[in-house]
Amino acid sequence: MFEVTDPVSSNAQGQATVLLNKRIRKTLTPGAAVEYLNPYSEMRMTSDTWSMTRRPVVANGSYSFREAF
C-alpha cells in the first residue's frame, strides 16, 4: 500500500498518473488488479488528543489517524 501525495491526473484514454509516497507494504505488479470494493487498513491515532461533542441523538468527533506500520 502507498500513500497518494497529490491529486491524480488522467488523459482521454483513461491512463492515470498517481504520485506516491514511499512503499508501505509490498511492490505492486504493473497491470495487477486493485481492490476498491472492500478495502481496509489498520490505523493508529497520530496523537493522544481528540475531541468529541455530544448532544441528544447527535455526536460529533474529530480524530486523526495514520496507517499502523
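The values are calculated or read from the model by the stated rules, or taken from the named source; none is laboratory data. The structure displayed is predicted, hence computed values, not measured ones. Because the Cβ atoms are built from the backbone with ideal geometry, glycine has one as well, and the counts that use them run over all protein chains shown.
A few notes on this one:
- Verdict on G61 being exposed (fewer than 10 other Cβ atoms within 10 Å of the Cβ), in a loop (DSSP other than H, G, I, E, B) and at pLDDT 80 or above: no
- Hey, S10 at pLDDT 80 or above and touching a Ser or Thr at 6+ places or on another chain (Cβ under 7 Å) or not: no
- Sub-6 Å Cβ pairs linking a first residue in region 26-48 that is of a type in the set (A, V, I, L, M) to a second residue that is assigned to a loop (DSSP other than H, G, I, E, B), at least 6 apart or interchain, are M43/A68, ordered by first then second residue.
- Total residues in region 54-69, condition of a type outside the set (F, W, Y) and more than 17 Å from Y40 (Cα to Cα): 9
- Only one of R44, R23, R55 that is at pLDDT 80 or above, in contact with a strand residue (DSSP E or B) (Cβ under 8 Å, 6 or more places away or on another chain) and among the charged types (D, E, K, R): R44
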